[in-house]
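Have a look at the structure below, then the notes.
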């Protein structure tokens with residue numbers, strides 16, 4: 001999922017998610033940077049192109065750029081695991 005994004009060290013990317021998201025592998029995501037890393041970097045390319053993951057990526061970018069709540073994004077990521 002290629003996208004032009006700010007440096008992950010930027011304040012917006014370090015913002016805490018609405019609640020920590022525990023993944024099936026035991027990792028816990030707590031920041032927007034961790035969520036971005038999962039969606040854009042760690043997932044295999046085949047999974048990144050699935051519509052539900054594209055929607056998660058879109059929610060992440062919207063939450064980052066607007067400063068809106070990350071609650072919906074957290075629920076989507078938790079469901080994806």
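The values are calculated or read from the model by the stated rules, or taken from the named source; none is laboratory data. Nothing here was measured: the structure is a model prediction, and the numbers come from that model. Cβ atoms come from the backbone with ideal geometry, glycine included; neighbour counts cover every protein chain shown.
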field: Residues of segment 59-81 that turn out to be within 22 Å of residue 27 (Cα to Cα) and free of Cβ contacts under 8 Å to residues at least 24 places away in the same chain, as a count
entry: 4
Members of segment 62-73 that are over 8 Å from the mean Cα position of the chain (by Cα) and surrounded by 11 or more Cβ atoms within 10 Å (Cβ to Cβ): 62, 63, 64, 65, 68, 69, 70, 71, 72
query: How about segment 1-17: which of its residues are at pLDDT 55 or above and surrounded by 14 or more Cβ atoms within 10 Å (Cβ to Cβ)?
result: 12, 13, 15, 17
query: What is the one condition in (1) within 11 Å of the chain's Cα centre (by Cα); (2) touching a residue at least 24 places away in the same chain (Cβ under 8 Å) that residue 52 does not satisfy?
result: (1)
